[in-house]
1. Rounded to whole Å and sorted largest first, what semi-axes of the equivalent ellipsoid does the C-alpha gyration tensor of region 24-97 yield via the square root of 5 times each eigenvalue?
2. As a footprinting exposure proxy, order Leu33, Leu117 by other Cβ within 10 Å, with the fewest listed first.
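Every number here is computed from the coordinates shown, using simple stated rules; none is lab data. These figures come from a predicted structure and were not determined experimentally. Cβ placement follows ideal geometry from the backbone for every residue including glycine, while neighbour counts extend to all protein chains displayed.
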Amino acid sequence: MSADAHNLAGPAGHGHEAHAHSEGGHGSIQSYLTGFVLSVILTVIPFWLVMGNVLDNSLVTTLVILALGGVQMVVHVVYFLHMSTKSEGGWTFMALIFTITLVVIMLAGSVWVMYHLNHNMMPMDAHDVMNNAR
């Protein structure tokens, strides 16, 4: 190994790998455990809300579950995927924003189409039901 290559590798002999791991944002055991505990809590709370019928209004229950689902997605992105505005020059964060935008457009469009299909279906009265039963 030449002197230049030896100096480039550094004292540990790992070269750029050791530097990449220190800036790469890989989590510690404690951060993975924190993410796991938060994920379990954010899964148990909606289960408890539905199974215990804690909230009387189903719309409020649905909104709380959706909010907790959004928080859980953020927990997964931060603690398990290690995405931040600083990783890879912000490109992974921009890709995440683009993906979320596409998913929101797709879900909103699907709900809109299903609502309008349900709303615009021809209603059947009791007479039509009796005639179709024969």
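1. On the way: eigenvalues 181, 49, 5 Å².
For region 24-97, the ellipsoid semi-axes come out as 30, 16, 5 Å.
2. Details: Leu33 12, Leu117 9.
With the fewest neighbours first, Leu33, Leu117 line up as Leu117, Leu33.
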